[in-house]
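Everything on this sheet refers to the single structure shown next.
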Ligand SMILES: Nc1ncnc2c1ncn2[C@@H]1O[C@H](COP(=O)(O)OP(=O)(O)OP(=O)(O)O)[C@@H](O)[C@H]1O
Ligand SMILES: [Mg+2]
């Protein structure tokens with residue numbers, strides 16, 4: 001590795017551009033072979049960094065929420081639970097209740113999926129990068 005590469009790598013790491021730091025050499029070789037313009041090469045690096053940072057920020061939100069289990073809406077079988085209004089739950093998943101600062105409370109007998117749905121909405125909020133979703137174990141478990 002040349003001094004230039006090492007210096008560049010350090011600057012990128014200092015700037016928290018970890019993905020760019022990890023891939024810029026390999027991508028430079030590929031770009032040269034493919035005859036990419038400087039702009040296309042830079043675009044590729046920045047897009048990779050954006051994807052990487054986006055995923056990390058969502059994962060960080062999910063970790064911070066400390067859900068007791070990871071349950072998603074996609075894992076919920078509405079056919080097993082006909083008393084749950086699928087249309088209404090899918091509406092809740094648009095998170096309009098957060099904008100309106102409304103509470104969602106699931107009530108029902110044990111084991112019917114109340115916690116599952118509460119976590120699923122929380123995960124949707126993490127993906128939507130919403131702040132202010134409070135998963136309340138006392139109310140949701
Ligand atoms: N319709 C469903 N589709 C998929 N999984 C379900 C469904 N209903 C319940 N489950 C699963 O069954 C288990 C129990 O559900 P959950 O913990 O959400 O129930 P609960 O209503 O919160 O019960 P409790 O009142 O005891 O807290 C979980 O693993 C959940 O993922
Ligand atoms: Mg529960």
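Read-outs throughout are calculated quantities, based only on the coordinates presented, and are distinct from any laboratory measurement. The model shown is predicted, which means the values in this text are computed figures rather than measured ones. Reconstructed Cβ throughout: ideal geometry from the backbone, glycine too, with neighbour counts over all protein chains shown.
Each 5 Å bin, from zero up to the one with the longest distance, holds this percent of the alpha carbon pairs of the chain: 2, 8, 15, 15, 12, 8, 7, 8, 8, 7, 5, 2, 1, 0. Can you tell me the relative contact order of the chain? Whole percent, Cα pairs under 8 Å, sequence separation 6 or more. Computed over the chain, the figure is 22 percent. In the chain, helical runs assigned H by DSSP with n ≥ 4 each contribute -39500 (n - 2.57); averaged across all residues and rounded to the nearest 500, the mean residue ellipticity at 222 nm is -19000 deg cm²/dmol. Each of the peptides 9-22, 87-100 was scored by the mean count of other Cβ atoms within 10 Å over its residues; in descending order, highest first, they stand as 9-22, 87-100. In terms of other Cβ atoms within 10 Å, 23, 119 run from fewest to most in the order 23, 119. A crude spin-label estimate for the pair residue 34 and residue 64, with each label 7 Å from Cα along the Cβ direction, gives 3.4 nm. Label separation (residue 2 vs residue 78): 5.9 nm, computed from points 7 Å beyond Cα along the C-beta direction.
Subtract the Cα-Cα distance of residue 53 and residue 85 from 0.36 nm times their separation in residues, and report this length gain in nm to one decimal.
Stretched out fully, the residue 53 to residue 85 stretch lengthens by 8.0 nm.
Footprinting exposure proxy ranking of 67, 106, fewest other C-beta atoms within 10 angstrom first, gives 106, 67. Counting other Cβ atoms within 10 Å as a rough exposure proxy, the listed residues 3, 55 run 3, 55 from fewest neighbours to most.
Between residue 102 and residue 22, what is 0.36 nm times their sequence separation minus the Cα-Cα distance? Round to one decimal in nm.
In short, 24.5 nm is gained.
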